[in-house]
Amino acid sequence: MTISSGARDQGHDPGAGARRLLARLRDIMAGSGSAQDRLDKIVKTIAHEMSADVCSCYVMRAGEVLELFATIGLNPDAVHKTRMRVGEGLIGDVAAHARPVAMANAQSHPNFAYRPETGEDPFHGFMAVPILRGGRVRGVLAIQHKDRRDYHEQEVETLQTIAMIVAELVVTGELVDSRELSIANDLVLLPSRLEGISLNRGVAMGLAVLHRPQLTIRQMVADDPEAELARLKEAVESMHSAIDQMLIAVGESDSEHAEIMQTYRMVAADRGWLNRIREAIRSGLTAEAAVQRVQNDNNVRMAQVADAYIRDRLLDLNDITNRLLQHLAGKPVETLGATLPDEFILVARNLGPAELLDYDRRRLRGLVMEEGSAYSHVSIVARALDIPVVGQAADVLRRVEPLDYLIVDGDNGQVFVRPADDIQDAFSKSLAVRAQRQAEYAQLRDLPAQTADGEAVELLLNCGLLIDLPHLETTGADGVGLYRTEIPFMVRPSYPDVETQHETYARVLDEAKGKPVVFRTLDVGGDKTLPYFPELGEENPALGWRAIRIGLDRPSMLRKQVRAMLMAAAGREMRIMFPMIATVAEFIQARRILDLEVARLAAAGQPGPTRLKVGVMMEVPALLFQLDALLPLIDFMSIGSNDMLQYLFASDRGNPMMNNRYDLLSPAMLRVVRMLVQKCDAAGVALSLCGEMASKPLDAMALLGVGLRRLSMSAPAFFEVKGMARSLKVRELETYMESLYNRPDRSVRAHLRAWAADHGVRLG
């Protein structure tokens, strides 16, 4: 039997062959003998059924080393002797990137690592897949052929399915003692401090509650695919009903969460996801194994995406996957509360937004995750609930035991595990000071945003979801300086139509209650590929096909988006901003598309905005040399400080080797902003800054010092920046900063901090 493309050409059913192979492997797994004996039988069976000359299984050992544990076709003496590091050779490459590799002639590939003890000289065709369990690579499964050959996609998928079964054998601890891959037990109970990143500021104290582990799948291979399809249908209906009830409850109690949960419900109903699960069941897997198989595929694909926001959309699908497994097992999720401590810190590898809401919010004090980012839905919901969050805390699940006492320092991205009494006392005092400071900040809400010497400052918010808009009321902000329209595009399985976009933008304007909102057109592309966009595999995605470049090359997309914006603003003011403009010609082309839609609405007799303002994002340094031609054409400009820094210094902001090499408070960056202030003032063009720079009190102080008077920031930073501005005599700062622009320093941050301390400027 073979499931190769040749068998397909002969009219055979490759799916039937795959199901027969899975059934044989199930019998081996259920049979007698040691784990090593069963693994030896598995590789022999795979080689026979897939007509391969070689089948080998490598298992992960401590120190990220892959060891050859079983083979048929290679030299048997190499078993338990041949080892390679993760990233070394083709096997190591599969483990490093958690993705399959298939090639006609492996020995010609630059990553091929020849090991003479294996005797693999005669073999050319090569295919290998990662052995995945719980989102981690546990080993690599490979087949080889003597002939040069191309492997069909069906063969890759079959070997991936087989790897799921092998994973169940690998993780039992019979092949490699699980303690080998964990931290020594004698270190676990000592007090420790873990470093992470702040995903939401604040401090919290409480007992550790570990997020429930993934369900164990007992049976991988199905006897009756139709029965499994029926079980899946019933579980999906049950899950959808439960999510709908959660959506109703959230809508009643916390309306600001509605959009997050609407998006979550939409992901749960995604037909493409469900169809892939059905296909996996038809290949011979149980419903549970099919759900996990599809999720493994998603994890592998999304792991290759550099953009953190898009990767975080996978968390919603992981959450839904776990829920579907719960319903398949007949154990639907219920809100957790009865067994929880009165004050607890939730510890997890990662979470979806609904998983966080499963826990009793009256007792939940903080959240710690091994992964996570500021743009994940769980972080957004946590910020709305005012829960301190620390993410990317490495090994936290290994270092924390249930009911350990934890302190979450969201301000500095730290977690204290089993802290000593003196540390607990220090943080208790810090919490008291924080409560007093929050009370003082609350008094700032109705005070004017102006400096101590009377200079008016416009403070705006950055938003991307409806959940952000209630902060306009709580902060008293002057409006929304940046509304990121791309977020709804990223979480949908297909491009939203004009009516859907119209409804979204209209709701944003409704929630703003007359305050100005700047809508940025779609800013995706490069490594931020939409689910329904082709993957281009660009080497430098930050410099590639993205933002306005996509809009101009796909004008129908841009036309639909601006049409929806214009319709939403009927009878109201509309402000539209184009991102990633590098030449004046690009802006003119984008403006022409916008004008066509304005004319289209007028010709159809449809109401449009009472006033239309158009601007650009200043991100690409080339535009700095075209200001004389650009400024007469625009109403406003907003500096994107994150990308501006990246392009100004040719420094990839996603590269950890570049962290802190270049500073926003460098003389070069400050001179650029000062020049823009002077040029825009002379032309009568409103200038603002909407990058992260505006969210940090010291950086915001420097921006005021170069003459900027409009800052757009995240809501949590609002009152700190306002408090800074009201304590600042900006004219004195402007005079002082004249001495900084020509300094040779990498950064003038220390100089500015010292000046602030000497002049009583409040920085937090």
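Miscellaneous remarks
- Residues that are among the hydroxyl-bearing types (Ser, Thr, Tyr) and in contact with a Cys (Cβ under 6 Å, 6 or more places away or on another chain) occur at least once in the range 627-639.
- The condition (being of a type outside the set (Lys, Arg) and either crowded, with 21+ Cβ neighbours inside 10 Å or in contact (Cβ under 8 Å) with a residue 40 or more places away in the chain (or both)) is satisfied by just one residue among GLU738, GLU692: GLU692.
Residue-by-condition table, conditions (1) in the same structural domain as LYS41 (by TED's automatic domain parsing); (2) over 19 Å from VAL43 (Cβ atoms); (3) not basic (Lys, Arg):
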| site | (1), (2), (3) |
| --- | --- |
| ARG85 | yes, yes, no |
| GLU88 | yes, yes, yes |
| ALA95 | yes, no, yes |
| ALA98 | yes, yes, yes |
| GLN107 | yes, yes, yes |
| MET127 | yes, no, yes |
| ARG133 | yes, no, no |
| ARG136 | yes, yes, no |
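- Taking the range 71-123 as the range and being small (Gly, Ala, Ser) and assigned to a loop (DSSP other than H, G, I, E, B) as the test, the residues that pass are GLY73, GLY87, ALA98, ALA104, ALA113, GLY119.
- Each residue in the range 605-618 was checked for being modelled with pLDDT of 95 or more, in contact with a helix residue (DSSP H, G or I) (Cβ under 7 Å, 6 or more places away or on another chain) and in a loop (DSSP other than H, G, I, E, B), and 1 of them qualify.
- The range 549-604: number of residues that are free of Cβ contacts under 8 Å to residues at least 24 places away in the same chain and under 26 Å from ALA512 (Cα atoms): 2
- Residue match in the range 620-641 (condition: among the aliphatic types (A, V, I, L, M) and within 27 Å of the chain's Cα centre (by Cα)): yes
- Counted residues, the range 548-562 - those being crowded, with 22+ Cβ neighbours inside 10 Å and not aliphatic (A, V, I, L, M): 2
- Near pairs, Cβ below 7 angstrom, 6+ apart or cross-chain, from the range 416-430 (surrounded by 10 or more Cβ atoms within 10 Å (Cβ to Cβ)) to any residue that is in a helix (DSSP H, G or I): PHE416/ILE423; VAL417/ARG399
- Meets criteria (out of contact with any Cys (no Cβ under 7 Å at 6 or more places or on another chain), outside the structural domain of VAL706 (by TED's automatic domain parsing) and within 21 Å of GLY551 (Cβ to Cβ)) for ARG611: no
- Subset of the range 1-38 (residues that are modelled with pLDDT of 80 or more and of a type in the set (Val, Ile, Thr)): ILE28
- The number of residues in the range 515-561 being modelled with pLDDT of 80 or more, assigned to a loop (DSSP other than H, G, I, E, B), under 18 Å from GLN646 (Cα atoms) and in contact with a Phe, Trp or Tyr (Cβ under 9 Å, 6 or more places away or on another chain) comes to 1.
- Members of the range 563-591 that are farther than 27 Å from TYR647 by Cα and surrounded by fewer than 21 Cβ atoms within 10 Å (Cβ to Cβ): ALA570, GLY571, ARG572, GLU573
- Of ALA700, ALA682, ALA754, ALA715, all but one fail to be among the hydrophobic types (A, V, I, L, M, F, W, C), under 27 Å from TYR441 (Cα atoms) and surrounded by fewer than 17 Cβ atoms within 10 Å (Cβ to Cβ); the exception is ALA754.
- Answer residue from the range 253-300, given it is among the polar types (S, T, N, Q) and at pLDDT 60 or above and is farthest from LEU232 (Cα to Cα) among those: ASN299
- Out of ALA602, ALA564, one residue alone is out of contact with any helix residue (DSSP H, G or I) (no Cβ under 8 Å at 6 or more places or on another chain) and either of a type in the set (Phe, Trp, Tyr) or part of a helix (DSSP H, G or I) (or both). It is ALA602.
- Verdict on VAL137 being free of Cβ contacts under 8 Å to residues at least 40 places away in the same chain, within 22 Å of LEU39 (Cα to Cα) and in a strand (DSSP E or B): no
For (1) assigned to a loop (DSSP other than H, G, I, E, B); (2) at positive phi; (3) over 32 Å from the mean Cα position of the chain (by Cα), each residue gets a yes or a no:
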residue: MET701; (1), (2), (3): no, no, no
residue: GLY707; (1), (2), (3): yes, yes, yes
residue: SER712; (1), (2), (3): no, no, no
residue: GLU720; (1), (2), (3): no, no, no
residue: ALA725; (1), (2), (3): no, no, yes
residue: THR735; (1), (2), (3): no, no, yes
residue: SER739; (1), (2), (3): yes, no, yes
residue: PRO744; (1), (2), (3): yes, no, yes
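- One residue alone among ALA452, ALA477, ALA442 is at negative phi, small (Gly, Ala, Ser) and buried (at least 20 other Cβ atoms within 10 Å of the Cβ), and that residue is ALA477.
- Residue satisfying condition, being more than 28 Å from ALA542 (Cα to Cα) and in contact with a Pro (Cβ under 6 Å, 6 or more places away or on another chain), within set VAL730, VAL721: VAL721
The values are calculated or read from the model by the stated rules, or taken from the named source; none is laboratory data. Please read all numbers here as calculations on a predicted model, not as lab measurements. Counting neighbours? That spans all protein chains shown, and the Cβs are built from the backbone with ideal geometry, glycine included.
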